[in-house]
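Student: Mind looking over this structure? Questions follow.
The values are calculated or read from the model by the stated rules, or taken from the named source; none is laboratory data. Quick caveat, the model's predicted, so the values are computed rather than measured. Cβ placement follows ideal geometry from the backbone for every residue including glycine, while neighbour counts extend to all protein chains displayed.
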Amino acid sequence: MNETIIYLNHETALPPHLANYATAFRLPENGVYLLYDDEILSLAKAGEKGRVCVDFAGGAAHYRRTKGGGELIGKAVNHTSQPTVWDATGGLGRDSFVLASLGLQVRTFERHAAVFALLIDGVARAFRQPEIAEIVQNIQLIHGNAADLFTEHAAQFGKPDVVYLDPMYPERQKSAAVKKEMAYFHELVGQPQCNDDEQLFTAARTVAKKRVVVKRPRLGEFLCGVKPAYQYEGKSTRFDVYLPFQAA
């Protein structure tokens, strides 16, 4: 992972969970970069004040945990049956955290090294907070492309009941913070490629035992143009449910 550089604002050592990453002390003059400061790893951009980090204790994660908000995704994965879930598109881990807060065991895959570093740091900080430590114990992080790793992991650990996909798509929300977050992510990982979605979608329907759940904007197109078996629709988001290939 040492191809990913973490910048430090001052002479300090990275914590053990980030020790495998390369470090630098002079901030870059342009572009997005990882910054470790005040014991938090964030995605930052040269010349801008905004930061993006994995935060399971505050913000949206805190609201969804204490005020609700996981009902629709819970229904989509049929959480009352206590399924095992593989989240193939980890990102900032928010949906993995919601699923884990429902008591589900979640295996979270993230292929981009910098995003994976953000996840590792967010989970490490969450373990130090008693009110959410038990929840993040249900999340296992895997670095790599889920489409390439599914067969190996299924052979070693057994197939999951549910595969969850949240492919990157243009964010429709008006929030300036959300727009900045998505802009940083698009600059970091690039725009999604259609063939990437197709490979991941195929791998998901091959390995899942019961269903594949795909998160989409409420009015968005079907993933890869494939009509789902059924849907769960909210005000701004919907969850399309597909049967695995052997059950379709």
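Student: Would you mind finding the one in Ala133, Ala126 that is touching a residue at least 60 places away in the same chain (Cβ under 8 Å) and within 28 Å of Ala19 (Cα to Cα)?
Tutor: On inspection, the qualifying residue turns out to be Ala126.
Student: Check whether at least one residue in segment 67-90 is under 12 Å from Ala117 (Cβ atoms) and modelled with pLDDT under 95, and report yes or no.
Tutor: Yes, because at least one residue in segment 67-90 is under 12 Å from Ala117 (Cβ atoms) and modelled with pLDDT under 95.
Student: Under 9 Å between Cβ atoms, at least 6 apart or on separate chains: pull out the pairs that start in segment 229-248 with a residue that is more than 13 Å from Val213 (Cβ to Cβ) and end on any residue that is surrounded by 18 or more Cβ atoms within 10 Å (Cβ to Cβ) and among the hydroxyl-bearing types (Ser, Thr, Tyr).
Tutor: Matching pairs, first to second residue: Ala248/Tyr242.
Student: Would you call Arg216 modelled with pLDDT of 90 or more, basic (Lys, Arg) and part of a strand (DSSP E or B)?
Tutor: For Arg216, the condition - modelled with pLDDT of 90 or more, basic (Lys, Arg) and part of a strand (DSSP E or B) - is met.
Student: Of the numbered conditions (1) crowded, with 18+ Cβ neighbours inside 10 Å; (2) of a type in the set (A, V, I, L, M); (3) closer than 22 Å to Cys53 by Cα; (4) at pLDDT below 95, Val123 satisfies every one except a single condition; which is it?
Tutor: Unmet condition: (4).
Student: For segment 129-136, state whether one or more residues are hydrophobic (A, V, I, L, M, F, W, C), closer than 22 Å to Leu102 by Cβ, surrounded by 14 or more Cβ atoms within 10 Å (Cβ to Cβ) and touching a strand residue (DSSP E or B) at 6+ places or on another chain (Cβ under 6 Å).
Tutor: No, that holds for no residue.
Student: So the check is Cβ under 6 Å with 6+ separation or different chains; which pairs have a first residue in segment 11-39 that's more than 17 Å from His143 (Cβ to Cβ) and a second one that's exposed (fewer than 12 other Cβ atoms within 10 Å of the Cβ) and of a type outside the set (Gly, Ala, Ser)?
Tutor: Within 6 Å, the pairs are Asp37/Asn9.
Student: More than 19 Å from Gly190 (Cα to Cα) and in a helix (DSSP H, G or I), is that true of Phe150?
Tutor: The answer is yes for Phe150.
Student: Still on this structure, I have one more. Can you give me the number of residues within segment 70-116 that are assigned to a strand (DSSP E or B) and either under 8 Å from the mean Cα position of the chain (by Cα) or surrounded by fewer than 18 Cβ atoms within 10 Å (Cβ to Cβ) (or both)?
Tutor: Total meeting the criteria: 4.
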